[in-house]
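Working notes, structure below.
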Amino acid sequence: MLECRRPRTVWRRLLGERALKSTAIEKALGYCYRDAGLLELALTPPSAGLAVDNQRLEFLGDAVLQLCATRLVYEVHGDWQEGPLSKLRGRVVSTDALHAWAKDLGVELARGPRSPKEGTQPSRKEMADAVEALLAAAMLDAEAAGEDGIATAAKIIRARFGDTVAAAGQGDWETGDPKTALQEKAAALGLGLPVYELVKREGPDHAPVFSCRVTLGGMEAAADGPTLKRAHKEAARALLARLTGA
């Protein structure tokens, strides 16, 4: 079990429940920050309206994540070419993947004068940005102690995504990204580009239902979804299944 021990002067900066939550995040992440200020900064979104926020750390963390994820998929799948490697990396670094990681870490963002009212959930992007900021903060914290910062971040990323990357197959993204898979299948068959059309929108504003149709080479498929993006995706999945005979 990871134990985070800091001098009393540091703990004075993280008081009460906030200190306990920060420690829980560190245990889930597998890294103990020597500089508690870096940890707090990584959890401070611009929406809090404070003097400083995590956007510089997020900028750095995005690059760190891209590098480490690229190295991970490259090393694990030595027989894959650039296209499949790129798609697998895209799944690892996606907003959805990072948002899920943030939730598993128990991330709670700092609040300030401009924060949304209590009970309002932060956006998926804010949560994903916080994870990237945490990675950059871990790298900088390790380097300040004379350690290899990139290796530290890579270890954290491998612990999270190593099993997922190892279990991935070259066709897996057809499930996660059917629109791209359909477009590539269409190109391979010389069918041109899929055309998406909104058929109708029903339901109340807080729970809409979008109906979408996709056509390609004389074939079509339709599907519903709670968002237009989701309806497009499900329609693409349905048409892709017809094309592949699945």
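Here are some notes:
- Verdict on residue 85 being free of Cβ contacts under 8 Å to residues at least 40 places away in the same chain, hydrophobic (A, V, I, L, M, F, W, C), part of a helix (DSSP H, G or I) and touching a helix residue (DSSP H, G or I) at 6+ places or on another chain (Cβ under 7 Å): yes
- Of residues in region 1-27 being polar (S, T, N, Q) and either assigned to a loop (DSSP other than H, G, I, E, B) or under 23 Å from residue 126 (Cβ atoms) (or both), the one modelled with the lowest pLDDT: 22
- Counting only residues that are surrounded by fewer than 16 Cβ atoms within 10 Å (Cβ to Cβ) and in a helix (DSSP H, G or I), region 28-60 holds 6 of them.
- Yes/no for residue 101 being part of a loop (DSSP other than H, G, I, E, B), of a type outside the set (D, E, K, R) and either touching a His at 6+ places or on another chain (Cβ under 9 Å) or under 28 Å from residue 166 (Cβ atoms) (or both): no
- Criterion: under 18 Å from residue 56 (Cβ atoms) and touching a Ser or Thr at 6+ places or on another chain (Cβ under 9 Å) - qualifying residue of 128, 137, 153, 144: 128
- Of the residues making up region 61-80, those that are surrounded by 17 or more Cβ atoms within 10 Å (Cβ to Cβ) and under 15 Å from residue 134 (Cα atoms) number 5.
The values are calculated or read from the model by the stated rules, or taken from the named source; none is laboratory data. This structure is a prediction, so every number in the text was calculated from the model and none was measured. Ideal geometry is used to build each Cβ from the backbone, glycine not excepted, and the neighbour counts take in all protein chains shown.
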